[in-house]
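**Student:** Here it is: the structure, laid out below.
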Amino acid sequence: MVSSTEKEKEIETAKTAIIQSINPATGELLGECPIMGKFQVDQAVEQAWKAFDEWQLLNYGQRARYLLKLRRVISQNADAITELISQEVGKPRSEAYAAELNGPLDTCVWLTENADRLLKDQMVQLSNPLLSTKQNVISFEPLGVIGVIAPWNYPFSIPMMTIAMALMVGNTVVLKPSEKSSLIGIKIGELINEAGFPPGVVSVITGDRSTGKLLCETRLSKLVFTGSVEGGRKVMEQASANLIPVSLELGGKDAAIVLPDAPIEWTAKALVWGAFTNAGQACASIERVYILKGKRTDKLIAAIVEEAKKLKVGPYTDPQSDIGPVIDETQLEKITHHVKQAVHSGAIVQTGGKRVESLPGYFFEPTVLTGVDHSMIVMKEETFGPVLSIMVVDTEDQVVELVNDSEFGLCASVWGKNLRRAENIARDLNVGTVTINDCLFTHAAPQLPWGGLKKSGFGRSHSQFGLMDLVNIKHINIDAAGGSLRLWWYPYGTNKMKTLRGGIQLFHGPLWKKISGFFEFVLNNLKNPKGGPS
Ligand code: NAD
């Protein structure tokens, strides 16, 4: 006899749709994965809850041992992991090593060395004398099961860093990788298994947004979403039915401000890397450059164009490639549209500007535009491709205004030798992170908070603040003075009201009112029918 659960599973398996994983550099089919349905999603979440029973009981030292094993497994498999990342999302191997592995590995170490300190119970003193007998403990407890919905652009580091943080505080995780990087998602599951984590502590469910939607509708303690603004909006809507709290790490339109004293050659190299690494498909890619007008402005623009021209576009299999393909045809079309619309409105293509026709995959030439303004899509919407747009601006105030004139607020960078001036500008920018004389790298440093404002989302990942997003901040209040009635308890009455009124003046009034307040407080309190201040 077949049970109803088995029947459900059979029905679902029979109708399971498939996602194809495609190498964006060649169009080659890399593999196929199921688009998981309700049965499989519910099952993964149920297993995560079961695993939570035991996992939450471990202490930080015990969980740290798992994370250190995971670190060893990742470093031992580094070549296979980066090969798969390069195959499935197209980035050069150097980028896969630098940007995908450092973050997760450092997170394991940082958590191991710091979690018990950062998550230690905190004692809180109260300032109101009426509450002087109360002790307060703040403890940080696991929430339960965390759903992680991840994008394809950093398909390993983004989910891995969140998973490590969630596990360290005692949560269990269900990961839904992007449909464009499912094989890497599956690899994450394999590495977790190889590191010996108990079954169900991390489950990977493959699928597209329909699978993501099902995950949003299950019993989760929290949902950590990284992806597009549209995706984030939908996820928030879907999660709201069960009041599942969400943290949203969304898109960006990051600006770089170049001050007149910035060294030309070095800054040009820096900006070109910031704009074109990962083929410009980073939420924190430099998409807008504002050069504060100076004597050397033209030289700087020429140096940026020169650096961009030097970049080699090609598949990761050529170790000389600096820029890989973008993820798919849709992305290629979007980038082309942004550039065309800008050119139509008067922008000048200094280099690049179109698809690479000589290569089979989704390659776009590294593109530098000048003569742009804020009426153009390329300065407003996230392009997410290898396009760097430059505006020359007259004053510092105008620069700040232009940078802040964006629906996004993820990161920004300021470049120049006068660090005080750069820092003053940094303080005026409405973003989550400002780097001075560098860009992009902070995502890989687990000690630093990551997250944005406006349409770039909310909540913080990484750092002690990211840990706080993954715990129940529990307050325990202890009062040893049992037996005495509290001043604010029943019964009320005129004397009670006067006592409390006197207390306000006694504790908060000017000196002469303190004196009258003292008498009102004490005398009326003595007349209270029962009890006194605790
Ligand atoms: P996306 O929103 O299309 O997809 C992200 C993930 O969400 C995928 O797993 C997808 O299947 C899932 N998803 C999409 N719609 C969903 C829905 N309605 N319900 C449930 N799940 C859904 O984004 P993408 O194209 O994979 O990623 C690129 C975007 O991510 C860019 O905008 C980029 O800026 C942003 N991003 C932000 C950060 C950050 O830290 N702020 C980091 C990386 C990428």
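The values are calculated or read from the model by the stated rules, or taken from the named source; none is laboratory data. Bear in mind that the values here come from a model prediction, so they are computed numbers and not experimental data. Cβ coordinates were reconstructed from backbone atoms using ideal geometry, including for glycine residues, and neighbour counts include every protein chain displayed. These area figures cover heavy atoms from the full protein model, side chains too; ligands, DNA and RNA do not enter into them. Shrake-Rupley method; radii C 1.70, N 1.55, O 1.52, S 1.80 Å.
**Student:** Which angle between 0 and 90 degrees, to the nearest 10, do you get for helix 329-344 versus the longest principal axis of the chain when only C-alpha atoms count?
**Tutor:** On a 0 to 90 degree scale, this one is about 80.
**Student:** Indicate, rounded to the nearest 5 percent, the antiparallel portion of the DSSP beta bridges found entirely in the chain.
**Tutor:** Percentage antiparallel, nearest 5: 40.
**Student:** While we're here: Tell me, what is the per residue accessible area of segment 254-445 in Å², probe radius 1.4 Å?
**Tutor:** 42 Å²
**Student:** I would also like to ask the following. Tell me, rounded to the nearest percent, the portion of alpha carbon pairs in the chain spaced more than 28 Å apart.
**Tutor:** Tail of P(r) above 28 Å: 61 percent of Cα pairs.
**Student:** If I fit a long axis through the Cα atoms of helix 157-168 and take the longest principal axis of the Cα atoms of the chain, what angle between them do I get, 0 to 90°, rounded to 10?
**Tutor:** 20 degrees
**Student:** Determine the distance separating the Cα centre of segment 425-450 from the Cα centre of segment 338-397; give it in Å without decimals.
**Tutor:** Using only Cα atoms to place each centre, the spacing works out to 24 Å.
**Student:** Can you compute the helix-only [θ] at 222 nm over the chain? Use -39500 (n - 2.57) per DSSP H run of at least 4 residues, normalise by all residues, nearest 500 deg cm²/dmol.
**Tutor:** Mean residue ellipticity, 222 nm, calculated: -13000 deg cm²/dmol.
**Student:** Let me ask something additional. Kirkwood hydrodynamic radius for segment 166-311: how many Å is it when counted over pairs of different Cα atoms?
**Tutor:** 18.5 Å
**Student:** For segment 254-445, what is the charge dipole size about the Cα centre, in debye to the nearest 20, if Lys and Arg each add +1 at the Cβ and Asp and Glu each add -1 at the Cβ?
**Tutor:** 500 debye
**Student:** If you don't mind, another one. List the aspartates and glutamates whose Cα lies under 13 Å from the Cα of LYS309, skipping any in the same chain that are fewer than 8 positions away.
**Tutor:** ASP322, GLU365
**Student:** Taking the Cα centre as origin and putting +1 on Lys and Arg beta-carbons and -1 on Asp and Glu beta-carbons, what dipole magnitude results for the chain, to the nearest 20 debye?
**Tutor:** With only Lys, Arg, Asp and Glu charged at Cβ, the dipole is about 2380 debye.
**Student:** For the pair GLU265/ASP208, report the inter-label distance in nm, with labels modelled 7 Å from Cα in the Cβ direction.
**Tutor:** Placing both labels 7 Å beyond Cα along the Cβ direction yields 5.0 nm.
**Student:** Only Cα pairs under 8 Å and at least 6 apart count here; give the relative contact order of the chain as a rounded whole percent.
**Tutor:** After rounding, I find 16 percent.
**Student:** From the mean inverse distance of alpha carbon pairs (Kirkwood) and the Cα radius of gyration, derive Rg over Rh for segment 485-525.
**Tutor:** Across segment 485-525, the Cα-based Rg/Rh ratio is 1.00.
**Student:** Can you list, largest first and rounded to whole Å, the semi-axes you get for segment 25-75 by taking the square root of 5 times each eigenvalue of its Cα gyration tensor?
**Tutor:** 31, 22, 5
**Student:** A further question follows. At a Cα cut-off below 19 Å, give the aspartates and glutamates reachable from LYS474, other chains included and same-chain residues fewer than 8 away excluded.
**Tutor:** Hits, sequence-local ones excluded: ASP53, ASP116, ASP121, GLU141.
**Student:** Would you mind computing, in nm to one decimal, how far apart the modelled labels at SER75 and ASP318 are, each placed 7 Å from Cα along Cα→Cβ?
**Tutor:** 3.4 nm
**Student:** What angle, in degrees between 0 and 90 and rounded to the nearest 10, separates the Cα long axis of helix 4-14 from the longest principal axis of the Cα atoms of the chain?
**Tutor:** 20 degrees
**Student:** Also, I was wondering about something else. Evaluate the Debye formula for segment 168-219 with equal point scatterers sitting on the alpha carbons, no solvent, and hand back log10 of I(q)/I(0) at q = 0.14, 0.18, 0.28, 0.32 Å⁻¹, in q order, two decimals.
**Tutor:** -0.37, -0.60, -1.10, -1.20
**Student:** Return the tail of the calculated pair distribution for segment 254-445, meaning the percent of Cα-Cα pairs more than 20 Å apart.
**Tutor:** Within segment 254-445, distances greater than 20 Å cover 51 percent of Cα pairs.
**Student:** Would you list, by chain and number, the lysines whose Cα falls below 29 Å from the Cα of LYS496, excluding same-chain residues fewer than 8 positions away?
**Tutor:** Answer for LYS496, where 29 Å is the Cα cut-off: LYS134, LYS513, LYS514, LYS527, LYS530, listed by chain and number.
**Student:** Right, something else. Which net charge results for the neighbourhood of PRO366, defined as the other residues with beta-carbon distances under 14 angstrom from its beta-carbon, given Lys and Arg at +1 and Asp and Glu at -1?
**Tutor:** +1
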